[in-house]
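S.K.: Pasting a structure below so you can have a look.
The values are calculated or read from the model by the stated rules, or taken from the named source; none is laboratory data. Just so it is clear, the structure is predicted and the values come from calculations on it, not from any experiment. Because the Cβ atoms are built from the backbone with ideal geometry, glycine has one as well, and the counts that use them run over all protein chains shown.
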């Protein structure tokens with residue numbers, strides 16, 4: 001009998017012998033163009049060529065065949081300082097000295113152009129122009145205009161790239177925040193951090209890829225967990241919220257009388273049960289849950305280590321401000337963010353509330369700037385002195401801007417501003433972004449973009465580009481169509497890139 005003779009494989013009528021032929025060792029090595037060498041090389045390079053996790057995403061169901069990153073990235077990690085409520089660009093960064101000429105006059109229709117209003121000011125009979133009561137000055141070699149409310153940010157303007165021509169589609173908070181965080185006004189899509197986790201994987205095996213920090217005692221518009229959701233992506237890509245207090249991550253610690261060895265044995269048995277379940281149902285979410293249990297086990301050591309601030313010297317606390325000693329404040333979260341970035345956490349998202357100043361804007365804005373200005377600037381300085389800013393992207397901004405006209409009564413020292421989606425200011429710093437640069441212009445009323453508009457989809461496309469990702473190729477097939485963060489348009493803002 002010829003031991004090397006095999007029946008040809010017939011895909012329509014496979015038999016045991018022909019299937020074995022496809023799986024036997026000799027055929028496998030013959031069909032593998034580079035043989036065992038390719039497997040060995042892949043095992044060596046798979047987690048180190050561009051990042052530890054870059055080979056994981058293409059294996060998941062629903063992703064395109066593209067391996068990310070598509071090209072050499074400028075950014076390895078990001079911290080997004082989200083200012084929830086809509087900071088007033090006219091009182092912080094978009095200086096409009098000519099407005100004093102029109103103080104208290106009705107906003108010209110040639111400027112408003114019939115643009116939609118919120119229900120909070122739509123019934124006003126007049127829209128009185130309110131020039132900012134705050135003093136502006138130019139700072140740094142870049143001569144950037146900054147309000148007196150941001151004295152510490154003014155010290156780092158030569159590291160910042162101001163985008164004064166941001167535009168969004170939404171005029172109310174919930175859809176506008178959802179749009180900035182997920183690329184769509186309707187809840188249910190994956191957030192930016194989830195997309196990055198999905199496309200690039202993790203550079204730290206002991207901490208989540210995507211971590212969320214929320215300033216404590218926040219007021220104003222509510223923040224929902226779906227803002228850092230994985231959407232329809234596998235659940236391991238969702239953001240993990242770290243809280244202030246004894247237990248930064250809920251349900252992470254062992255119950256009383258339960259030690260690490262017990263937890264390890266429990267996880268081993270749980271993994272066996274879950275694998276049996278996966279073998280039966282082939283549900284990929286089961287493997288995701290296995291990975292999450294294992295991550296939680298490793299986090300029992302890594303989280304207490306990274307959240308223990310006792311090793312930070314006094315000069316660091318002084319730089320971030322006295323509030324940085326109080327866990328859960330914006331300042332403390334900025335300092336914790338730096339520690340997480342040092343551990344190569346890919347995406348750290350900070351949320352700070354109460355920028356929604358429909359009335360008493362001068363008082364409310366002073367309070368928010370006092371809580372955030374120093375720490376935001378300190379984070380830039382700290383990352384820079386540690387050599388991290390060159391490959392860390394820092395983003396600051398809210399969901400939209402504020403109107404040039406006053407909502408409600410206007411007085412010489414008090415006014416409010418309504419929501420304004422047609423132009424607002426954000427700033428970025430670090431990896432691949434031009435330092436000491438201002439992009440985009442608005443009209444003399446700060447009401448319309450007159451040069452270089454940047455839509456939210458353009459911002460997302462540019463962010464992904466800095467991570468080496470072609471935003472049109474990072475897709476996921478769900479319910480019969482392929483979705484992406486910039487669904488379905490977006491242009492890279494090349495002029496702000498180095």
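S.K.: It is to be established whether one or more residues within segment 115-126 are closer than 25 Å to residue 414 by Cα, touching a helix residue (DSSP H, G or I) at 6+ places or on another chain (Cβ under 8 Å) and at pLDDT 95 or above.
M.R.: There is no residue in segment 115-126 that is closer than 25 Å to residue 414 by Cα, touching a helix residue (DSSP H, G or I) at 6+ places or on another chain (Cβ under 8 Å) and at pLDDT 95 or above.
S.K.: Which residue, of 95, 80, is surrounded by 15 or more Cβ atoms within 10 Å (Cβ to Cβ), more than 24 Å from residue 384 (Cα to Cα), at pLDDT 95 or above and out of contact with any helix residue (DSSP H, G or I) (no Cβ under 6 Å at 6 or more places or on another chain)?
M.R.: 95
S.K.: Further question: Residue 233: closer than 30 Å to residue 323 by Cα, surrounded by 13 or more Cβ atoms within 10 Å (Cβ to Cβ) and within 33 Å of the chain's Cα centre (by Cα), yes or no?
M.R.: Against the criterion (closer than 30 Å to residue 323 by Cα, surrounded by 13 or more Cβ atoms within 10 Å (Cβ to Cβ) and within 33 Å of the chain's Cα centre (by Cα)), residue 233 does not qualify.
S.K.: Considering only segment 180-195, I want to know if a residue exists there that is closer than 17 Å to residue 87 by Cα and buried (at least 21 other Cβ atoms within 10 Å of the Cβ).
M.R.: Taking every residue of segment 180-195 in turn, at least one turns out to be closer than 17 Å to residue 87 by Cα and buried (at least 21 other Cβ atoms within 10 Å of the Cβ).
S.K.: Residue 250 - would you say it is in a loop (DSSP other than H, G, I, E, B) and closer than 30 Å to residue 477 by Cα?
M.R.: Against the criterion (in a loop (DSSP other than H, G, I, E, B) and closer than 30 Å to residue 477 by Cα), residue 250 does not qualify.
S.K.: Can I ask one more? Given the conditions (1) surrounded by 15 or more Cβ atoms within 10 Å (Cβ to Cβ); (2) within 23 Å of residue 163 (Cα to Cα), and given that residue 121 satisfies all but one, which numbered condition is not satisfied?
M.R.: Every listed condition holds for residue 121 apart from (2).
S.K.: Among the residues of segment 376-416, write down those that are assigned to a strand (DSSP E or B) and either crowded, with 22+ Cβ neighbours inside 10 Å or under 19 Å from the mean Cα position of the chain (by Cα) (or both).
M.R.: 392, 393, 394, 395, 396, 397, 401, 402, 403, 404, 405, 406, listed by residue number.
S.K.: Which residues, taken from segment 353-375, are out of contact with any strand residue (DSSP E or B) (no Cβ under 6 Å at 6 or more places or on another chain), in contact (Cβ under 8 Å) with a residue 60 or more places away in the chain and not in a helix (DSSP H, G or I)?
M.R.: If the condition is that a residue be out of contact with any strand residue (DSSP E or B) (no Cβ under 6 Å at 6 or more places or on another chain), in contact (Cβ under 8 Å) with a residue 60 or more places away in the chain and not in a helix (DSSP H, G or I), then 353, 354, 356, 357, 358 are the ones that fit.
S.K.: Here's another thing I want to ask about it. Of all residues in segment 338-352, which are surrounded by fewer than 23 Cβ atoms within 10 Å (Cβ to Cβ), part of a loop (DSSP other than H, G, I, E, B) and in contact with a strand residue (DSSP E or B) (Cβ under 8 Å, 6 or more places away or on another chain)?
M.R.: Matches in segment 338-352: 344 only.
S.K.: Keeping to segment 185-204, report how many residues are outside any helix (DSSP H, G or I) and either without any contact (Cβ under 8 Å) to a residue 24 or more places away in the chain or touching a helix residue (DSSP H, G or I) at 6+ places or on another chain (Cβ under 7 Å) (or both).
M.R.: 7
S.K.: Which of the residues belonging to segment 191-223 are more than 11 Å from the chain's Cα centre (by Cα), closer than 18 Å to residue 179 by Cα and modelled with pLDDT of 95 or more?
M.R.: 223, the sole residue that qualifies.
S.K.: Here are some conditions: (1) in contact (Cβ under 8 Å) with a residue 40 or more places away in the chain; (2) assigned to a loop (DSSP other than H, G, I, E, B); (3) out of contact with any strand residue (DSSP E or B) (no Cβ under 9 Å at 6 or more places or on another chain); (4) closer than 30 Å to residue 176 by Cα. Residue 231 meets all but one. Which one does it not meet?
M.R.: (3)
S.K.: For segment 430-441, check the following and say yes or no: at least one residue is out of contact with any strand residue (DSSP E or B) (no Cβ under 9 Å at 6 or more places or on another chain), more than 19 Å from residue 373 (Cβ to Cβ) and modelled with pLDDT of 95 or more.
M.R.: Scanning segment 430-441 turns up no residue that is out of contact with any strand residue (DSSP E or B) (no Cβ under 9 Å at 6 or more places or on another chain), more than 19 Å from residue 373 (Cβ to Cβ) and modelled with pLDDT of 95 or more.
The rows are residues; the columns are (1) part of a loop (DSSP other than H, G, I, E, B); (2) under 21 Å from residue 115 (Cβ atoms); (3) touching a residue at least 60 places away in the same chain (Cβ under 8 Å).
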{"residue": "435", "(1), (2), (3)": "yes, no, yes"}
{"residue": "438", "(1), (2), (3)": "no, no, yes"}
{"residue": "446", "(1), (2), (3)": "yes, yes, yes"}
{"residue": "460", "(1), (2), (3)": "no, no, yes"}
{"residue": "468", "(1), (2), (3)": "yes, no, yes"}
{"residue": "473", "(1), (2), (3)": "yes, no, yes"}
{"residue": "477", "(1), (2), (3)": "no, no, yes"}
{"residue": "488", "(1), (2), (3)": "yes, no, no"}
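S.K.: Could you grab the pairs with beta carbons closer than 7 Å, sequence gap of 6+ or different chains, first residue in segment 102-114 and under 18 Å from residue 412 (Cβ atoms), second one assigned to a loop (DSSP other than H, G, I, E, B)?
M.R.: Once the first residue is under 18 Å from residue 412 (Cβ atoms) and sits in segment 102-114, its partners that are assigned to a loop (DSSP other than H, G, I, E, B) give 103/131; 104/410; 106/126; 106/127.
S.K.: I'd like to know if segment 323-330 contains one or more residues that are in contact with a helix residue (DSSP H, G or I) (Cβ under 8 Å, 6 or more places away or on another chain) and either assigned to a strand (DSSP E or B) or under 22 Å from residue 401 (Cα atoms) (or both).
M.R.: Checked against the condition, which is being in contact with a helix residue (DSSP H, G or I) (Cβ under 8 Å, 6 or more places away or on another chain) and either assigned to a strand (DSSP E or B) or under 22 Å from residue 401 (Cα atoms) (or both), segment 323-330 yields at least one hit.
S.K.: Okay, next question. Tell me whether segment 157-167 contains one or more residues that are under 21 Å from residue 428 (Cα atoms) and either surrounded by fewer than 19 Cβ atoms within 10 Å (Cβ to Cβ) or at pLDDT below 95 (or both).
M.R.: Looking through segment 157-167, at least one residue is under 21 Å from residue 428 (Cα atoms) and either surrounded by fewer than 19 Cβ atoms within 10 Å (Cβ to Cβ) or at pLDDT below 95 (or both).
S.K.: Given the structure, is residue 364 buried (at least 17 other Cβ atoms within 10 Å of the Cβ) and either under 18 Å from residue 430 (Cβ atoms) or at pLDDT 95 or above (or both)?
M.R.: yes
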